[in-house]
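Structure, as structure tokens:
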Amino acid sequence: MIVFDLLCASGHRFEGWFGSAAEFASQKKRKLVTCPTCGASKVERVPSATRANLGAAEPAKAPAQPVKTPDMEGKDPFAIAQMLYSRMLDEMLTKSEDVGKAFPAEARKIFYKESPQRSIRGQATSEEHEELLDEGIPVARLPLPPKEGLN
Ligand SMILES: [Zn+2]
């Protein structure tokens, strides 16, 4: 089934459902397609407003909106970004195991599957960090706010 937007000679717009474009043409020829408002059999297909707009309407809701919670109301974007970052950090800190200075060794063990797979955090010197990256081990440096600094 396809739906056509139709316009009668008097300007009434309505929708017609047809099995195919050919069926519409055939029904129109036999004057079987009539305007539901005035009964006119002189109708024309018009571009569907609904579907013509769909392309433009879809992307409008596509951009991901950052999650906003009531405590963010009225805050400037920078404050919100800090809040989101601090939440992400909290989550990371609660869900990861602090291995302290053993971090580089432990990260390596996990990568080579010598240790159970899990999220860890800890300290690494710049050199150690570089070495891990050189070995293709995914590690990230996170600047921690002073109050949540790793001890
Ligand atoms: Zn009409």
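Positive contributions from Lys and Arg (+1) and negative ones from Asp and Glu (-1), summed over other residues with Cβ under 14 Å from the Cβ of ALA9, come out at +4.
Remark: spin-label model distance VAL46-THR94 equals 5.6 nm, labels positioned 7 Å along the Cα→Cβ axis. Listed from fewest to most Cβ neighbours within 10 Å, the set TYR112, TYR85 follows the order TYR112, TYR85. Sequence neighbours fewer than 8 away in the same chain don't count; with that in mind, list the aspartates and glutamates whose C-alpha is under 16 Å from LYS101. Leaving aside aspartates and glutamates fewer than 8 places away in the same chain, those within reach of LYS101 are GLU127, GLU128, GLU130, GLU131.
Does region 4-49 come out rounded, prolate or oblate, given a ≥ b ≥ c as the square roots of the eigenvalues of its C-alpha gyration tensor, rounded meaning a/c under 1.5 and, failing that, prolate meaning a/b above b/c? Verdict is oblate for region 4-49.
Shape class for region 76-129: prolate, because the ratio a/c of the largest to smallest gyration tensor axis (alpha-carbon atoms, square roots of eigenvalues) is 1.5 or more and a/b beats b/c. With each label modelled as a point 7 angstrom along the Cα→C-beta vector, the ARG13-LEU84 pair spans 3.8 nm.
Every number here is computed from the coordinates shown, using simple stated rules; none is lab data. Values in this document were obtained by computation on a predicted structure and should not be read as measured data. FYI the Cβ positions are ideal-geometry reconstructions off the backbone, even for glycines, and counts take in every protein chain you see.
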